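The values are calculated or read from the model by the stated rules, or taken from the named source; none is laboratory data. On a predicted model such as this, the values are computed, not experimentally measured, just so you know. Ideal geometry is used to build each Cβ from the backbone, glycine not excepted, and the neighbour counts take in all protein chains shown.
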């Protein structure tokens, strides 16, 4: 499977540039732009759909002292990009109502927490995948087009090219999402308005955990 550098070089190729990079840390204009944008664009794509390769399940750590009207306050997993659903432990029943909120830890530092009424809750979530070993070919295709769209204006100054890449990215995301959805069921559409207005397709989130 391609590396982070390979994905960035594919994006640069889509822009028609003659430059490629050997490392995100090499210091060239292209490498600096890719190093800045790649983690953001990768995580954005990961949140657009509950990709099966990025879906994880974990027992949540109870922090105690929940605010009213909630019964439980849980720690937000460090690698969580998007909480999908909370399940009853050792069961496959309906998803439990919850909300992600801001809070303070015992030292007064800001943290994210999950509030719910479910004891011993287990969270299904989209995790941050920092190494692209698990990315399939269609996810790589979508990620490279999204990178190209974000890099276009800064590296080429061509707004028309940027729009073309944005449209190609939207189509690639839709294809990758549909292919991933073929391996799951019971989906409904959820997409933050801030992402929808940028032209990305509606994401789909399953209300219950499915083992691969």
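Got at least one residue in segment 70-88 being surrounded by fewer than 15 Cβ atoms within 10 Å (Cβ to Cβ) and at positive phi? Looking through segment 70-88, none of the residues is surrounded by fewer than 15 Cβ atoms within 10 Å (Cβ to Cβ) and at positive phi. Among residues of segment 97-123 that are within 10 Å of residue 76 (Cβ to Cβ), those with a Cβ under 6 angstrom from a residue that is assigned to a loop (DSSP other than H, G, I, E, B) and at pLDDT 95 or above, sequence gap 6+ or separate chain, pair up as 112/76; 113/76; 114/76; 123/60. Scanning segment 21-33 for residues that are more than 18 Å from residue 162 (Cβ to Cβ) and within 26 Å of the chain's Cα centre (by Cα) returns 21, 22, 23, 24, 25, 31, 32.
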